[in-house]
Amino acid sequence: MFQRLWSTCLDEILGFYLLHRFFYHKKQPLLISDASHHTPQLHSGELTSFFSPKPPPAQLEYQAELRPTSQATFPSAKVEDFQFPSTVDTGFPENDCVKGRHWKSTVASPQTEVESRLTVVAVDGIVQLGVRSFNRLAQQLTPHGIDVVMLDSPFNFRRTPAGYRPGQLIAGGNLDHQLMVARQGILDLWSLILALQAEGRQIGLMGISHGAWLTLTATLLIEQLQFAIAITPPVDLLRILEEGGTVVNAIRRGASHDPPEEEQLEQLCKPLRLNQWQPLLAPEQIHLHIADFDRFVPSARIAELAEQWGTRVSHHKLGHIEATTGPKVVFQVARDILDLYQ
């Protein structure tokens, strides 16, 4: 009883804080996009068309190694940042340069070749301020010869345009803008995965909240993945307008600008609704994590998706904030990966 009360209060208080300090920062006006005029597939309502054309493998440009303290934190890994140009042009140069971080294990891999080692590609939630969750994941996995790669999603973390806050522009536009951001996120992730697969790497996916939606959507499109682990994924990005918590008010604000008829809205949003599609991965290769006291993302939708797809599922007596920012769930994810691949 106390845990439910604590988790609910924490989610509600921080949800209100995020809404006003991030999504409504400086009271920026909505971005009114007409992206569908030059990208007609945005209004296709079909999965493969919406995310077409298939992107080429990214040309990863690695930066100088991070400050020396990173090596002290990760004695079993070399930590490097990388970047590559997005295939989507949003008009924001900071956003259209995709950024990421690679924790390269220096420990001998169970595979015979370093290039074929398991690499976990991870994406964070809608307001990413740092790399703590993925540091934790890398600290657990790199000593066992497993790499971790983090991707910054569009308009988030180091891809935030000047004058805005991380995640603000994910939700800070009309429907065309929000559709375009979702499409760019998947195409960037796809491009990165293709680049790593071209090196011979085995790729598993892990996502948190909004990043979990990206991860699961990738399983609908991308072949030869090893697994996908999703922590509190928003399953239905149409129904969440009605069912989501405080933070979803930012998305509602944009979606309510010149809204289409309900039937048309359902068709436009169909590519963003996981429960409308089936993954390419086998059900046992997908693991969904549910925060039972979640006030951001409807947990019942995740349970329904787990049953629909037949996936593995874990329940946590936590709220959204605890599940997505605390160590408990990430450490379980790391243990599960090691149990499977060691």
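Regarding Asp124, is this residue open to solvent by less than 10 Å² (accessible area, probe 1.4 Å) and closer than 22 Å to Phe74 by Cα?
Answer is no for this residue.
Only residues that are surrounded by fewer than 21 Cβ atoms within 10 Å (Cβ to Cβ) and of a type outside the set (D, E, K, R): list them for the stretch 322-342, please.
Scanning the stretch 322-342 gives Thr325, Gly326, Pro327, Phe331, Gln332, Leu338, Leu340, Tyr341, Gln342.
Of all residues in the stretch 248-276, which are within 27 Å of Gln332 (Cβ to Cβ) and open to solvent by 20 Å² or more (accessible area, probe 1.4 Å)?
If the condition is that a residue be within 27 Å of Gln332 (Cβ to Cβ) and open to solvent by 20 Å² or more (accessible area, probe 1.4 Å), then Asn275 is the only one that fits.
Taking only the stretch 89-105 into account, find how many residues are more than 16 Å from Val123 (Cα to Cα), in contact with a Leu (Cβ under 8 Å, 6 or more places away or on another chain) and surrounded by 20 or more Cβ atoms within 10 Å (Cβ to Cβ).
1
I want to confirm something. Restricting to the stretch 42-57 and keeping residues that are in contact (Cβ under 8 Å) with a residue 24 or more places away in the chain and open to solvent by 80 Å² or more (accessible area, probe 1.4 Å), which single residue is nearest to Leu265 (Cα to Cα)?
Here the answer is Glu46.
Considering only the stretch 219-233, I want to know if a residue exists there that is of a type in the set (Ser, Thr, Tyr), at pLDDT 80 or above and not in a loop (DSSP other than H, G, I, E, B).
There is at least one residue in the stretch 219-233 that is of a type in the set (Ser, Thr, Tyr), at pLDDT 80 or above and not in a loop (DSSP other than H, G, I, E, B).
Results for (1) within 18 Å of the chain's Cα centre (by Cα); (2) buried (at least 24 other Cβ atoms within 10 Å of the Cβ); (3) outside any loop (DSSP other than H, G, I, E, B); (4) not polar (S, T, N, Q), shown as yes or no for each residue.
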| residue | (1), (2), (3), (4) |
| --- | --- |
| Arg158 | yes, no, yes, yes |
| Pro161 | no, no, no, yes |
| Leu196 | yes, no, yes, yes |
| Trp213 | yes, yes, yes, yes |
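Residues that are hydroxyl-bearing (Ser, Thr, Tyr) and under 17 Å from Ser133 (Cα atoms), at least 1 per element: which helices (runs of 4 or more DSSP H) completely within the stretch 280-342 meet that?
Correct list: 320-325.
The values are calculated or read from the model by the stated rules, or taken from the named source; none is laboratory data. For clarity, every value in this text was computed on a predicted model and none was experimentally measured. In this analysis, Cβ positions are derived from the backbone assuming ideal geometry, glycine residues included, and neighbour counts consider all displayed protein chains. Ligands, DNA and RNA are excluded from the accessible area calculation, which covers all protein heavy atoms including side chains. Shrake-Rupley method; radii C 1.70, N 1.55, O 1.52, S 1.80 Å.
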